[in-house]
């Protein structure tokens, strides 16, 4: 299994590459690309929320607790919420994420459980798409895809480190296949994760306007009858020597 430093190094490099691609290939601004790069880097640590060691959880809880209030301020401005109320909610959210989330995760999760899975990757990306406020759909997609890339780099790196080669033959560790999976062994975490994924997928498609587009009824064509030809000159046949024509 890859270590903490390997994960943050790889996701950091992926974030830089993603930022350059966003600027030079897709014409995003430098600020938008920088935010996407940071989110990609942070997402490279997300699967380790179920880690048995304390450092990944401490680092992630601190970073998440700092980012969550910023998202609250983003949405409060658009909803017209008073600044003092937004500040109160932000402080409460910081405390809940910083101190409550690690305790709850420690009680409910197991290492290499559903946090290390493809559904968890999609959930993280869709939560980013729903929580990040922007009037432009493409900006929200940029952030969501960045989180997905960072999350995927963690899973792929774990699978790569589960393969050992001693110079003669290749041997797989017991952890092989436990990161890039669709479902785990326990039915309750599987059901909760897949149910959450279905709900967030519906919410994301609805937020993007896809469901409205697919369900809207086609607008029938309306034929308008006018009398614009009433004043047109008369159309008659003209007989001339050797020629018959209409004018």
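The values are calculated or read from the model by the stated rules, or taken from the named source; none is laboratory data. Everything numeric here is computed off the predicted structure, so don't read it as measured data. We place every Cβ from the backbone using ideal geometry, glycine too, and count neighbours over all the protein chains shown.
Look at the range 22-40 and say how many of its residues are within 17 Å of the chain's Cα centre (by Cα) and in a helix (DSSP H, G or I).
Total meeting the criteria: 10.
Quick check: anything in the range 102-118 out of contact with any helix residue (DSSP H, G or I) (no Cβ under 6 Å at 6 or more places or on another chain), surrounded by 15 or more Cβ atoms within 10 Å (Cβ to Cβ) and at pLDDT 75 or above?
Yes, that holds for at least one residue.
Which one of 34, 43, 21, 30 is touching a residue at least 12 places away in the same chain (Cβ under 8 Å) and surrounded by fewer than 19 Cβ atoms within 10 Å (Cβ to Cβ)?
From the options 34, 43, 21, 30, the qualifying one is 34.
May I ask you to list the residues in the range 41-56 that are in a helix (DSSP H, G or I), over 21 Å from the mean Cα position of the chain (by Cα) and either at pLDDT 75 or above or closer than 19 Å to residue 12 by Cβ (or both)?
Result: 55, 56.
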